[in-house]
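Read the structure below first, then the notes.
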Amino acid sequence: MILELILNGSSASFAETLAVIVFTVIAALLSITIREYVKARITVKMGGSAMATLNPIKQINFGNLISVVLMTVFSASWIKAKHPGLSRGKSIAAALSAPITNLVIAFISVLLCDVIRLINVEIYSQTESTPFILIWVSMFFSTCVLVNIAFAVFDILPIPGTNGGIILSCLLPEKAGEKFLSFEKYSYIILLFIVIVCARSGVTATVVNAIATAMETPFLALFNLLFPAQINY
């Protein structure tokens, strides 16, 4: 987020830049809390052991703080995955629940963004002004969309330390899977390198924006049918 503003020579005001930082941190912390809670609940339900809590303070650890910082600076990050310690099939299901949760949050945020957009257009058509609070609320949910898609994309990569890595280890023969997981101690170095390269090259923004557009398209089509005057205003 912040790196993009700097590299693009953004003329955003201090208040706008500060808002981006605050919204990104809040969105990242909320996303981490919700997705880890969902994964923990599924793990426990399948017979595994995990701490299922919606208390963000209890979810905070060094790895998650690094994730928030990287998301704020590079618009890309991952959340260190914990192996559920279940059978292969159940481990895959638990691992998939994390990125799927991020995509669900992004999907809901897209819907809320479009609803707010309709409200903004309706208010502007009547008053020729837009409430300040709606602008900030829309900006927050837009940030939630980008943050959650980025988390999901990087989390599904088949690399040690991600849920994608857990899934791959479960699909490999047992010894190969164990050998693959043994590289988790290098996961921070590997993923940090990938995050920086992808963010700097623009790959992250391209992929995230493409997914966000794909999510928004059906909503826009529906709203265009229901409220053609507002959408085309």
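The values are calculated or read from the model by the stated rules, or taken from the named source; none is laboratory data. In this text, all values refer to a predicted model and were calculated from it rather than measured experimentally. Cβ atoms come from the backbone with ideal geometry, glycine included; neighbour counts cover every protein chain shown.
The table that follows gives values for the structure above.
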| item | result |
| --- | --- |
| Subset of region 85-130 that is touching a Gly at 6+ places or on another chain (Cβ under 9 Å) and not in a helix (DSSP H, G or I) - its residue that is modelled with the highest pLDDT | S87 |
| Search result, residues across region 67-81 that are surrounded by fewer than 19 Cβ atoms within 10 Å (Cβ to Cβ) and not β-branched (V, I, T) | K80 |
| Residues that are closer than 21 Å to Y188 by Cβ, at pLDDT below 80 and out of contact with any Lys or Arg (no Cβ under 9 Å at 6 or more places or on another chain), drawn from region 25-61 | Q59, I60 |
| In region 160-170, the residues that are closer than 17 Å to Y188 by Cβ, in a helix (DSSP H, G or I) and either of a type in the set (S, T, N, Q) or at pLDDT below 90 (or both) | N163 |
| Scope region 202-233; condition surrounded by fewer than 16 Cβ atoms within 10 Å (Cβ to Cβ), in a helix (DSSP H, G or I) and modelled with pLDDT under 80; matching residues | L220, A221, L222, N224, L225, L226, P228, A229 |
| Pair list, Cβ under 6 Å, 6 or more apart: region 189-202 residue touching a residue at least 12 places away in the same chain (Cβ under 8 Å), other residue assigned to a helix (DSSP H, G or I) | V195/L70; V195/F74; C198/T204; A199/F74 |
| Given (1) outside any helix (DSSP H, G or I); (2) out of contact with any helix residue (DSSP H, G or I) (no Cβ under 7 Å at 6 or more places or on another chain); (3) hydrophobic (A, V, I, L, M, F, W, C), index of the condition L157 fails | (2) |
| Among the residues listed as M51, M71, the single one being within 20 Å of N163 (Cβ to Cβ) and either touching a Gly at 6+ places or on another chain (Cβ under 7 Å) or in a loop (DSSP other than H, G, I, E, B) (or both) | M51 |
| Residue within region 154-165 that is under 21 Å from I26 (Cβ atoms), touching a residue at least 24 places away in the same chain (Cβ under 8 Å), buried (at least 18 other Cβ atoms within 10 Å of the Cβ) and not aliphatic (A, V, I, L, M) present | yes |
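To keep it simple, each residue is scored yes or no on (1) without any contact (Cβ under 8 Å) to a residue 12 or more places away in the chain; (2) within 30 Å of A199 (Cβ to Cβ); (3) not hydrophobic (A, V, I, L, M, F, W, C).
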site	(1), (2), (3)
R88	no, no, yes
L103	no, yes, no
L111	no, yes, no
E128	yes, no, yes
P131	yes, no, yes
A150	no, yes, no
